[in-house]
Amino acid sequence: MSLRLCRCGLLALLVLALWGCGDAASDGVLPIAVPTPQLRPSDELLRSPTLQRVVDLQVRRDGVALRGLLGDPSPAVRARAAFALGSVQDPDAEPTLRDLLDDPEAAVRRDAAFALGQLELSDGGHPFVDALEREEDSHVRRYLAQAVGKSGADEAVERLLDLDLDDEPAARTDALARAAIRGVRFEGLVSTLAENLTHSDPDVRKTAAFAFARMPDVESWADRLEAIRDALDSYSADDAAAMHLVLALARVGDVEDLERLLQWLTQSDDWRVRANAAQGLGTVSWISREGVRPSLFRALDDPSEQVAIRAARGLTQGLWVPTEVLAEMERRIQGPAEQWRTHVPFLRQLAHFHDPEPVVEWTRRMVAVHPMAVLRGLQALAEVPTSLYGDFVFELAQHRSDEVRAVAVRILAERWQAFTVEAGQADRLYEVFASAIREGSLPEAMYAARALVNPTFLERGGLEVLHEAYGRYRAEEELYPAGVLLGLLGQVGDPPSIEVLEEALAVGPSFLRRSAAQALGVEGSGATPSDGVDSFGPDRTVDWAFLASLGSSPRLHIETERGVVVLRMVPEQAPLTVQSLAQQVEAGLHDGVRFHRLEPNFVIQGGDIAMGDGTGGPSYALRSEYTQIPFGRGVVGMASAGKDTEGSQFFITHSRQLHLDGQMSAFGWVESGHDVLDRLLDGDRVVRMFVEADGDP
């Protein structure tokens with residue numbers, strides 16, 4: 001075991017003891033900086049109508065027109081067209097993009113390399129290696145190397161190792177890591193990554209370590225196990241590369257690494273390392289080993305609640321949970337209510353394998369604490385007889401809080417059969433659902449509507465309630481709930497409902513046409529270059545005057561219950577995304593919305609302006625904008641269910657996530673409030689969001 005780690009670990013413990021003396025780390029989370037990403041140089045998009053027309057073609061997915069612009073006399077137009085094709089991903093553009101790798105302008109070559117890296121090339125990554133051999137610009141070389149890694153072509157990656165890239169170790173390691181994650185394997189790749197685990201550049205170390213944590217098969221690097229251990233033992237307590245190597249060693253499952261993983265769980269200065277150590281130890285292969293469960297229980301008191309959440313999740317692993325462990329879980333959930341997130345993983349274990357009564361009591365206690373805690377408690381009782389908590393849920397359906405009522409209606413809607421079978425309460429359920437649709441909040445109404453399509457409730461008047469609700473939402477131009485209701489009417493399929501669907505398909509707004517088409521089984525066509533609006537697809541266009549009013553680097557202020565996070569947005573990289581989010585914010589749609597998803601040391605996610613639970617969004621879909629902003633720590637991107645499905649949900653990364661590059665729309669990064677980022681948890685509310693224009697259009 002490394003003496004260096006032990007000494008630094010003692011220092012870390014001293015730091016932990018002193019936490020709370022200063023404002024920056026008053027809650028025990030030491031600030032971790034967010035580096036400014038290296039950006040695509042400005043081409044003055046917001047001032048150039050010519051370049052704006054290129055982006056308009058990108059939004060329309062007009063690959064034919066964009067390919068034609070690759071031969072434009074203006075280097076700025078050629079570069080912007082190539083960059084646009086990185087989002088369009090038109091395979092027919094490959095030959096012309098290849099030709100641009102010899103363009104006289106470095107900016108054009110860079111964007112062509114980026115766009116090609118977004119395609120599945122006909123002959124793998126060889127064109128990139130050929131271009132690398134003659135390329136002198138470092139920025140272009142970086143994207144060419146990245147494209148080699150993305151290609152996943154074994155021979156091209158092997159050729160990459162033979163090139164003289166010693167002065168650009170970050171670019172080479174980035175390419176090798178991408179290739180390794182895609183399954184490329186040969187001795188030179190693994191050995192080079194292993195050597196880079198101790199590189200003097202911390203970014204190189206982190207990238208190499210990320211590869212070992214993410215490679216699909218451990219066997220491919222088993223012969224480098226000692227090198228990985230030695231590298232980890234040599235790291236100081238604040239070396240972020242350790243976060244990946246602890247996961248890599250946890251995957252191996254060798255008992256020799258137990259002490260090593262336990263030490264990083266307690267002695268790292270970086271909460272992300274401790275969280276990953278907890279994640280690695282909290283797996284089926286580790287949880288039953290001596291000392292693991294006691295260490296994870298102690299980690300529940302870690303200064304970072306994110307570490308505690310990972311530890312709690314890990315404690316529920318295993319084929320069998322000992323009685324004494326269940327007893328300790330029961331004791332824990334009786335602790336401070338504000339620590340409810342660390343209680344949640346224990347609830348299902350207790351409800352199903354120990355005693356459901358403490359879970360019911362815990363859930364009752366949470367009504368005064370947090371609606372999401374109430375939801376998690378009721379979800380844990382899914383297979384418990386409703387006689388233990390049914391009356392309680394009906395009481396909650398009358399609660400003064402919209403959020404609590406929504407939780408109750410959701411549970412009743414999801415488990416109505418259990419309530420009906422056990423207590424014969426179909427009439428009572430129907431009244432709750434009908435009232436929720438007519439008088440409740442939007443989430444209440446949508447949960448109730450999904451239940452009413454069942455024949456048990458249709459025969460009690462549910463169909464009339466659904467039609468009435470659709471007519472009201474349609475008249476008030478609330479398109480999201482109207483679209484959901486169209487989908488439900490399609491499930492019913494009776495003649496009056498079909499008539500409503502056909503009317504929406506014929507004359508409704510595009511979102512409702514899309515919803516009606518899906519309900520009727522009608523498929524939409526591709527994008528229409530003439531007007532840029534696909535009847536059944538994304539229907540947002542860029543408002544250039546609005547973007548100009550924001551300036552080239554607007555800031556998005558997110559005021560939360562835990563502090564303020566300020567994001568720097570980049571309209572030149574993702575104009576449609578920045579515009580849409582800014583317009584939502586100006587309309588106040590994000591105020592009061594909770595973050596609904598937390599994956600410690602991965603992302604915090606929010607922005608569900610419709611439902612608040614991650615299933616909703618606006619009444620439109622955006623075109624994906626794949627940018628050259630790498631997903632490093634603190635980068636903000638749009639959540640997506642697939643290409644061109646972005647809406648209002650966004651996420652912020654806790655650490656470098658190499659695999660997201662070019663797969664999600666990145667549009668900015670945390671400029672200040674990085675300490676707040678590390679404290680944000682699921683269920684935390686956005687108090688207010690506003691956009692600050694930079695005055696530089």
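Throughout, read-outs are computed from the coordinates displayed, never taken from laboratory work. Just so it is clear, the structure is predicted and the values come from calculations on it, not from any experiment. Positions of Cβ are backbone-derived with ideal geometry, glycine not excepted, and every protein chain shown enters the neighbour counts.
General observations
- Fewest-first ranking of 619, 640, using other Cβ atoms within 10 Å as the exposure measure: 640, 619
- Cβ-derived FRET efficiency at R0 51 Å, residue 498 paired with residue 259, nearest 0.05: 0.15
- Centroid-to-centroid, using Cα positions, region 277-346 and region 107-127 are 46 Å apart.
- Shape category assigned to the chain from the gyration tensor of Cα positions, a/c cut at 1.5: oblate
- Just so you know, the Cα atoms of region 57-333 work out to an Rg and Dmax of 22.9, 75 Å.
- Shape call, region 41-144: gyration tensor on alpha carbons, a/c limit 1.5: oblate
- Distance between region 405-464 and region 72-88 - C-alpha centres, whole angstrom: 53 Å
- Label separation (residue 72 vs residue 456): 6.0 nm, computed from points 7 Å beyond Cα along the C-beta direction.
- With 0.36 nm allotted per residue and the present C-alpha distance subtracted, the residue 126-residue 587 stretch has 161.1 nm of extension available.
- Under the criterion of Cα pairs below 8 Å and six or more residues apart, the relative contact order for region 57-333 equals 9 percent.
- For region 549-697: rounded, prolate or oblate by the Cα gyration tensor [a/c cutoff 1.5]: rounded
- Mean residue ellipticity at 222 nm, helices only, the chain: -16000 deg cm²/dmol; runs of at least 4 DSSP H residues each add -39,500 (n - 2.57), and the sum is divided by the number of residues.
- Total charge dipole magnitude, region 544-692, about the Cα centre, Cβ charges on Lys, Arg, Asp, Glu only, Debye to nearest 20: 120 debye
- The gain in end-to-end length when the residue 238 to residue 388 segment is fully stretched comes to 49.2 nm, 0.36 nm per residue minus the alpha carbon separation.
- Residues 362, 544, 320, ranked from the fewest to the most other C-beta atoms within 10 Å, line up as 320, 544, 362.
- Cα centroid separation, region 150-228 to region 553-596 (Å): 36 Å
- The value of relative contact order for the chain, using C-alpha pairs under 8 Å at least six residues apart, is 11 percent.
- Fully extended contour minus Cα-Cα distance, from residue 645 to residue 166, at 0.36 nm per residue: 168.4 nm
- Sorting 643, 150, 206 by the number of Cβ atoms found within 10 Å of their own Cβ, with the fewest placed first, yields 643, 150, 206.
- Working value for region 212-312: equivalent-ellipsoid semi-axes of 21, 15, 11 Å, each the square root of 5 times a Cα gyration tensor eigenvalue, largest first.
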